[in-house]
Amino acid sequence: MAQRSSSLSVNLSEIELDHRYRLLIDAVQDYAIFMLDTSGNVASWNPGAQRSKGYAPEEIIGRHFSIFYTPEDVAIGKPDHLLEDAALNDRVEDEGWRVRKDGSRFWANVVITAVHDEAGTLLGFAKITRDLSQRRRLEELERAAAASAHVQQARENEQKRIAQELHDDLGQSLTSLKLTLAVHEMELIQHVPEAIRERLTSINELGGQIDAIVASLRRIAADLRPPILDDLGLGAALEWMAEGFEQRYGIPVKCAVNTDALHLTDLAAISLYRVTQEALTNVARHAKASEVSVRLLVDERYMYLRIHDDGVGLPEDAKRRPDSFGLLGMRERILQLGGTLSIYSKSGDGVTIAVKVPLSKILVENSTCT
Ligand SMILES: Nc1ncnc2c1ncn2[C@@H]1O[C@H](COP(=O)(O)OP(=O)(O)OP(=O)(O)O)[C@@H](O)[C@H]1O
Ligand SMILES: [Mg+2]
């Protein structure tokens, strides 16, 4: 029930709200709806107000509404300014921090409307406050996710650029150095007496060292951004990754791919590639597995990526470790694609990472073939 304060002017107390309106206001739980007298003292209080601000009607009616404001806002006279504004312009809207009875703060949208009698005399104010904390939290989360997606994309672009520079610039220079060395070797062989020709072997060794540097450089560039992903697509890149994993760790990987004809967006290809890379790195680091399988499949609407190992399975606290970002990062990458990532694990029965992404979000428009 809406309650009236004795501090309200006589005129306001004479106004009888229609019974149905009162029921309506009392039924509202999501909004604090209450009235203030002309000085800003609380004159009525609905259950929504009690719920969001924490005061029972008898605790708050008659008290000045500045109690809902932060000390900083009170110090600059914000409550009074809002009332002056509402009296002058009939209505004022504000968004900001408000304080509950227990001292906690919430983000509120507030509308204060001046209430006049028929002769135009100010009777008081109607105040509607909506708690937007939840929405604000969601917006903050969305902003954080967007910022992290942006950073991730920038990082991928930068890695791609460095990989290209390594390959095109440094790689080409080393190749031409090797050729020049070979030409000098040929020339020297013709001019150097037979007795000291074996000294030329040091030139040969230099050639071997250049080859080793080129191989390292290729490996570093491929780690940064595998050229096969851009040249032959995700399926080929996963098969290449699986082969490399098998050679490096001696754990057999069964790889099944049926997505050859699809042209994925750059973001989708690199995200699914990185998820598989992290999943396989986890297998190598944690799983003690004897076999791994990687499957990339599509139907008419979705792409499915599944990485399964037959190792020890996830420990209980795996998903909550504060210093572990692999599983978290995988999930974020897939969320960015509008998909879902599920992790299944039973002790002793390995781990399965199952990804499902809608094709509508990951295919380059108007194209089906690479
Ligand atoms: N395939 C797996 N088999 C067994 N345990 C796993 C597997 N994958 C992950 N885990 C467990 O889950 C934990 C979290 O994995 P996550 O990838 O998030 O972090 P991490 O690998 O420890 O560190 P990083 O942040 O470098 O990836 C790991 O510490 C490990 O205990
Ligand atoms: Mg990891």
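A few points about this structure:
- Matching residues, segment 110-134, being closer than 15 Å to residue 98 by Cα and either of a type in the set (D, E, K, R) or open to solvent by 60 Å² or more (accessible area, probe 1.4 Å) (or both): 127, 128, 130, 131, 134
- Taken as a whole, the structure leaves residue 343 outside the set of residues that are of a type in the set (Val, Ile, Thr), touching a residue at least 40 places away in the same chain (Cβ under 8 Å) and either touching a helix residue (DSSP H, G or I) at 6+ places or on another chain (Cβ under 7 Å) or part of a helix (DSSP H, G or I) (or both).
- Residue satisfying condition, being farther than 23 Å from residue 241 by Cα and within 16 Å of ligand 2 (Cβ to nearest atom), within set 358, 322: 322
- Hits in segment 36-57 - residues which are within 22 Å of residue 123 (Cα to Cα) and not β-branched (Val, Ile, Thr): 36, 37, 39, 40, 41, 43, 44, 45, 46, 49, 57
- Looking across 137, 155, 143, 105, one residue alone is in contact with a strand residue (DSSP E or B) (Cβ under 9 Å, 6 or more places away or on another chain), open to solvent by 60 Å² or more (accessible area, probe 1.4 Å) and outside the structural domain of residue 47 (by TED's automatic domain parsing). It is 137.
- Considering segment 255-283, and only residues there that are within 16 Å of ligand 1 (Cβ to nearest atom) and among the hydrophobic types (A, V, I, L, M, F, W, C), the residue that is surrounded by the fewest Cβ atoms within 10 Å (Cβ to Cβ) turns out to be 275.
- The condition of being without any contact (Cβ under 8 Å) to a residue 12 or more places away in the chain, within 16 Å of ligand 2 (Cβ to nearest atom), open to solvent by 20 Å² or more (accessible area, probe 1.4 Å) and not assigned by TED's automatic domain parsing to the domain that holds residue 145 holds for residue 331.
- Within segment 235-252, residues that are touching a residue at least 40 places away in the same chain (Cβ under 8 Å) sit with their Cβ atoms under 7 Å from residues that are among the hydroxyl-bearing types (Ser, Thr, Tyr) and open to solvent by 20 Å² or more (accessible area, probe 1.4 Å), at 6+ positions apart or across chains, in these pairs: 251/290.
- Within segment 141-169, the only residue that satisfies the criterion of being without any contact (Cβ under 8 Å) to a residue 60 or more places away in the chain and touching a helix residue (DSSP H, G or I) at 6+ places or on another chain (Cβ under 6 Å) is 166.
- Among residues of segment 284-313, those that are without any contact (Cβ under 8 Å) to a residue 40 or more places away in the chain and open to solvent by less than 50 Å² (accessible area, probe 1.4 Å), counted: 2
- Of the residues making up segment 30-80, those that are open to solvent by 30 Å² or more (accessible area, probe 1.4 Å), of a type in the set (Val, Ile, Thr) and farther than 22 Å from residue 90 by Cβ number 4.
The values are calculated or read from the model by the stated rules, or taken from the named source; none is laboratory data. This is a predicted model, so every value here is computed, not measured. Using ideal geometry, Cβ is built from the backbone for each residue, glycine included, and neighbour counts are taken over all protein chains shown. Ligands, DNA and RNA are excluded from the accessible area calculation, which covers all protein heavy atoms including side chains. Shrake-Rupley method; radii C 1.70, N 1.55, O 1.52, S 1.80 Å.
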